[in-house]
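*Asks:* Can you keep this structure in mind? I'll have questions shortly.
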Amino acid sequence: MNSDTIFQLLQQSFRVGVGFTAYVLETLQDSQKRNQTLSELQQEIAKKTEEWAKKGEITEKEAREFVDQWLNSQSSSKNPQESSESTKTKADVGQEIQQLTEKIITLREELEDLRDKKKS
């Protein structure tokens, strides 16, 4: 990286910082602009929350299908001599699934809390 590029990057970073600071000050001083900005932020947060919730739902389904397929393949290829090892692995996988399910439940509750806060 040459020194001109570094200088331009620093200069642009400085300008972004100054521009952002000026924007924030203007927004704070003008109540109408402040209200508009807050409204836009709330709309953007609501949009992103909905987008993330949909993505989380799809990911949850895909993960569940993957685990089900993996468990089915493990049980169909089970060797009688390896029965105790497979059972141990299944127990570990079951425990991991339970932990992941609890995390998903917690994330859903947090998402609902965020939606409730946004509405009020």
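*Asks:* Evaluate the following for T59: is it modelled with pLDDT of 90 or more, of a type in the set (S, T, Y) and surrounded by 11 or more Cβ atoms within 10 Å (Cβ to Cβ)?
*Replies:* It is true that T59 is modelled with pLDDT of 90 or more, of a type in the set (S, T, Y) and surrounded by 11 or more Cβ atoms within 10 Å (Cβ to Cβ).
*Asks:* Do the conditions hold for Q69, that is, is it at pLDDT below 90 and surrounded by 12 or more Cβ atoms within 10 Å (Cβ to Cβ)?
*Replies:* no
*Asks:* Among (1) over 25 Å from D116 (Cα atoms); (2) acidic (D, E); (3) at pLDDT 90 or above, which single condition is E40 missing?
*Replies:* (1)
The values are calculated or read from the model by the stated rules, or taken from the named source; none is laboratory data. What you see is a predicted model; the values in this text were computed from it and never measured. When we count neighbours, we look across all protein chains shown, and the Cβ atoms used for this are built from the backbone with ideal geometry, even at glycine.
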